[in-house]
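*Asks:* Handing you this structure, nothing more for now.
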Amino acid sequence: MLARRVGSNGRMTVDRRRILLVVAVVVAALGATLVFLYAQDAEDRAAEKYQSVKVLVATQQINPGESASDAFNSGKILSRDVPQNELLEGSTNDGAVFVDQVALTTLYPGEQLVTQKFGGVGDIEAAATLPLPDGMVGKAIVLDDSSRISGFTRPGTRVGMLITGTFPPAAQAETRLLLGNVSILATGTVTLGQVTNPDGTTTTGTTTDGAPLSQYVLALKPKDAARIDLAQTLGKISLVLLPADSDLRIGDPITAENLFSGN
């Protein structure tokens, strides 16, 4: 009887050891698999982290309403390498995507250019990035290169407006003050169709003298917006850059008689 019990206990001990050995082998195999999968995932994440893609990035602050073309020309946008895992939806390295587009919101240095943050001048108000002062309306005006202050008329700039033409009852050309202090809300480039130049050649997106057209959205009183509508049919409007908190004043209209008077 005692011999049977000893033999039975011995077999049970051997069986337990076999079971424990099998469990140990399974746990070791599972651990090795988990270590392999973790190492593979870490390798994939490292490869993704260090694999870079070229995209367009803002190198300086780009303000709402600022045209992408002006930002490119002033060096505010460059192509940079960005890690694959940091790419934003809508980012691109194709500058053609932003032709005739303006920023709908502020872009900061180092920020990737994404298509969602650019649109036409008409989209700016819809994007709620151009709050109008009380009692003001937004009015768009298109000027050629000789009438604007190229490169300096950023959103928020204050300008005076002059108009040159022949105004009844006067019979000669004169320059008058149209508006003494106007705030620019947004700027953009206007695309035209094919234009025939004096030499018979054609150009796209320029005036007949080869200069680009620019569109400005101005903050105006309703009556001043109506004045500009009429003024554009009577003469040529040009902008004058103003220092802060000042109005443009020219006194009497400038005519051929007082052009060189110095007063």
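*Asks:* Which length gain, in nm to one decimal place, applies between Asp134 and Glu257 when the Cα-Cα distance is subtracted from 0.36 nm times their residue separation?
*Replies:* Length gained, Asp134 through Glu257: 40.1 nm.
*Asks:* Full-extension gain between Leu78 and Leu234, please, as 0.36 nm times their residue separation minus the C-alpha to C-alpha distance.
*Replies:* Value of the extension gain: 51.9 nm.
*Asks:* Would you mind putting 218-224, 133-139 in packing order, based on average other-beta-carbon counts within 10 Å, highest first?
*Replies:* 218-224, 133-139
*Asks:* Could I get the Rg over Rh figure for the stretch 52-123? Both from C-alpha atoms, Rh via Kirkwood, rounded to two places.
*Replies:* My calculation puts Rg/Rh at 0.93.
Computed from the coordinates by the stated procedures, all read-outs in this text should not be read as laboratory data. All values reported here derive from a predicted model rather than from experimental measurement. Note that each Cβ is placed from the backbone with ideal geometry, even for glycine, and that neighbours are counted across all protein chains shown.
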